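Note sheet for the following structure.
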Amino acid sequence: MIDGFWDVILWMLALFIFMMFFWLFIMVLSDLWTDPDASGGSKAGWTFFVVVLPWLGILVYLIARGGDMAERGLKKQKTQADYIRSVAGGGAADEIAKLADLKESGHISDEEFNTAKAKLLV
């Protein structure tokens, strides 16, 4: 019974290490390939190093360039959020401001303004 328990624990540990390796592998390659400051030659060299000697390549990459990975990730998130905001618009507040402009210019009545505003706020 005890042998079975420790076998399960060892299998779980091996599975965890295997999953951690693939997560690190994907994170390193995605950071490398999306870095606009890295040249094509350095990307090719790092990719070759990480693919041929994965454990050593990932470890050396994290030591050499790991400190900037978080900054590059935050920059990518900010760029993506800015793009989404620019495409999606400002939401209900912008629509209410547009409605207020239409009301002030006389294109819609107070009743139409209040009806449209109520729909936006629901």
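Laboratory data are not the source of any read-out in this text; all were calculated from the coordinates shown. These figures come from a predicted structure and were not determined experimentally. Reconstructed Cβ throughout: ideal geometry from the backbone, glycine too, with neighbour counts over all protein chains shown.
Determine which aspartates and glutamates satisfy two conditions relative to residue 119: a Cα distance under 13 Å, and not lying fewer than 8 residues away in the same chain. List returned: 95, 111.
So for region 8-63, what percent of the C-alpha to C-alpha distances run longer than 14 Å?
Values: 875 of 1540 pairs.
Summing the P(r) of region 8-63 above 14 Å gives 57 percent of all pairs.
Given +1 on the Cβ of Lys and Arg, -1 on the Cβ of Asp and Glu, and no further charges, what dipole in debye does the chain carry about its Cα centre, rounded to the nearest 20? Can you show the working numbers first?
On the way: 11 positive and 15 negative charges, 62 e Å.
The dipole of the chain has a size of about 300 debye.
Fewest neighbouring Cβ atoms within 10 Å first, the residues 61, 83 line up as 83, 61.
If each residue's Cβ is checked for other Cβ atoms within 10 Å, how do 113, 16 rank with the fewest at the top? Walk me through the numbers on the way to the answer.
Numbers: 113 17, 16 10.
Listing 113, 16 from fewest to most nearby Cβ atoms yields 16, 113.
Using equal-weight Cα scatterers in the Debye expression, the normalised intensity of the chain in log10 at q = 0.09, 0.19, 0.23 Å⁻¹ is -0.56, -1.03, -1.21.
About its Cα centre, the dipole of region 27-93 is roughly 120 debye, where the only charges are +1 on Lys and Arg Cβ and -1 on Asp and Glu Cβ.
So what is the calculated 222 nm ellipticity per residue for the chain, using -39500 (n - 2.57) for each DSSP H run with n of 4 or more, over all residues, to the nearest 500 deg cm²/dmol? Numbers along the way, then the final one.
Numbers: 6 runs with 103 residues, N = 122.
About -28500 deg cm²/dmol.
Given R0 = 41 Å, the distance between the Cβ atoms of residue 104 and residue 79 translates into a calculated FRET efficiency of 0.70.
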